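Reviewing the structure listed below.
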Amino acid sequence: LLPLLLLAVSFVVFFLIRMVPGDPARAIAGDKAPEEVLERIRKDRGFDKPIIVQYGIYVGRLLRGDLGESYKRTGETVAAEIGRRLPPTIELTLAAMVIATLGGLLLGILSAIYKGGWIDYLWAVVRAFRATGHPVVGLDVAVSSGVPVGSGLASSAALLVSVAMLVDQAVGSRLAGRELARLAHRAESEFMGVGCGVMDPFASALGEPGRALRIDCRTLEVEAVPMPENLCILIAGSGVERSLVEAGYRKRVDECTAALIEARRAGIAPPDASALRDLTAGDLPALERALSAKSFRRVRHVVRENERVDRACAALRAGDLAEVGRTLKSGMQSLRDDFEVSTPELDRLCEIGDATRGVYGSRLTGAGFGGCTLHLLDESHLESAATALAPHAAFLHTLRPAPGAEPIRSSSVHEGPA
């Protein structure tokens, strides 16, 4: 009975601690992280072409005064600490503090055993801040999201960037959006173990209304590319949920790394080549002869995908939406056949979309293995496209390019993204 008693007392103590008055609530709106209107990550520091769309994710915080760190997590260990500032009506004896600490340690052990929940993403942001020398404080955080989870719409990046901005606001560091994106990327790639690229957090932090972003994943240069006003984006859910941690994304990254090693050994890639982007379309014939069939398919996807990004950007600037659509279609074919990350459900939605009048092109979103498809169309054909896709989709959403994460007033939290 003693462990149960300790646990019960610790819950009471921590409940009382959380009653400490804090600062007025602050919130961050993180509009849906990137929904790429053109190209998906092509791995190995290539080029990306995402946009931000008007899904909303909100995180709010109540700063715990001078409580310090109410919970500390280092690696797999969680220890609870008694705060230094308590309401004047609360008196804790030394024995009570010891009991609360022991109870907190028990909670820490239980927390260390449990893994895989979305709450881990919040811990990952805190760990990324600490690892880069930025201060952190104890926070009560509330999260409200309309971004479908596991649908390839980068809900994790939206959450990470929003929490990073929230922590930054709380400690007063005033980091730039680019730095917040880098912290969010480190949180997911290093502390969550997802071998993801920088596109999602960069688009979440740096998105602009009415524009797509061309992101150089090596130099981290970002260029905003205007999108025509009559362009409409329709998202169709396949009904197949996927998780980056559990899916084959990491395997594809490893395969790209292995292919680069093969290309260097064959003398095709330069000795100092650090990514598949260092290869060109002119290298493909030699690569086909030198690499295994699977490695060649992976390389061909990456090389051609980088080319498609530049073609799509040029087409957007010229207002050539038919060419933009062709890059979507060829990209989907490559994702299906060369990169092998599609599913029958995604294939079917893209086939229906491409056969519908007014749709310029379709492709899967995110890393594949389920999730959603994206359909680029003229706004005047939205109703007919939605009618064609609806019987085969788990859900449909129309999207517009929107700003990245930004602080909002408390009173506007329920008014939707700015």
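The values are calculated or read from the model by the stated rules, or taken from the named source; none is laboratory data. Since the model is a prediction, treat every value here as computed from it, not as a measurement. Methodologically, a virtual Cβ is constructed for each residue, glycine included, from the backbone with ideal geometry; neighbour enumeration extends over all protein chains shown.
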Among G177, G138, G150, G133, which is small (G, A, S), at positive phi and at pLDDT 75 or above? G133
Among the residues of the range 380-396, which ones are surrounded by 21 or more Cβ atoms within 10 Å (Cβ to Cβ) and either assigned to a loop (DSSP other than H, G, I, E, B) or at pLDDT below 95 (or both)? A393
Sort out which residues of the range 159-173 are out of contact with any helix residue (DSSP H, G or I) (no Cβ under 7 Å at 6 or more places or on another chain) and either within 12 Å of G404 (Cβ to Cβ) or without any contact (Cβ under 8 Å) to a residue 24 or more places away in the chain (or both), and write them in order of number. S162, G172
How about the range 368-403: which of its residues are within 19 Å of A212 (Cβ to Cβ) and either β-branched (V, I, T) or touching a Phe, Trp or Tyr at 6+ places or on another chain (Cβ under 9 Å) (or both)? C372, T373, H375, L376, L377, D378, H397, T398, L399, A402
Residue in the range 296-320 that is surrounded by the most Cβ atoms within 10 Å (Cβ to Cβ), counting only those that are more than 28 Å from the chain's Cα centre (by Cα) and free of Cβ contacts under 8 Å to residues at least 12 places away in the same chain: D320
Any residue at all in the range 144-162 that is crowded, with 18+ Cβ neighbours inside 10 Å and assigned to a strand (DSSP E or B)? yes
The condition from (1) free of Cβ contacts under 8 Å to residues at least 24 places away in the same chain; (2) not in a helix (DSSP H, G or I) that E323 misses is numbered (2)
I'd like the residue in the range 349-379 that is out of contact with any Gly (no Cβ under 7 Å at 6 or more places or on another chain) and part of a helix (DSSP H, G or I) and, out of all such residues, is modelled with the lowest pLDDT. E379
Tally time: how many residues in the range 272-295 are part of a loop (DSSP other than H, G, I, E, B) and within 23 Å of the chain's Cα centre (by Cα)? 1
Name the residues in the range 331-363 that are closer than 20 Å to A315 by Cβ and among the aliphatic types (A, V, I, L, M), would you? M332, L335, V359
Scanning the range 209-234 for residues that are of a type in the set (G, A, S) and surrounded by fewer than 21 Cβ atoms within 10 Å (Cβ to Cβ), the one nearest to R277 (Cα to Cα) turns out to be A224
Every residue in the range 329-348 that is in a helix (DSSP H, G or I) and either touching a Phe, Trp or Tyr at 6+ places or on another chain (Cβ under 7 Å) or among the basic types (K, R) (or both), please. K329, R336, R348
Would you check if there is a residue in the range 187-198 being out of contact with any Lys or Arg (no Cβ under 6 Å at 6 or more places or on another chain), part of a helix (DSSP H, G or I) and surrounded by fewer than 19 Cβ atoms within 10 Å (Cβ to Cβ)? yes
Condition check for A367: farther than 22 Å from G248 by Cβ and among the aliphatic types (A, V, I, L, M): no
For the range 253-271, give me each residue that is in a loop (DSSP other than H, G, I, E, B) and either β-branched (V, I, T) or modelled with pLDDT under 95 (or both). I268, P270, P271
Quick one: in the range 272-295, which of the residues that are small (G, A, S) and farther than 30 Å from L376 by Cβ is surrounded by the most Cβ atoms within 10 Å (Cβ to Cβ)? S295
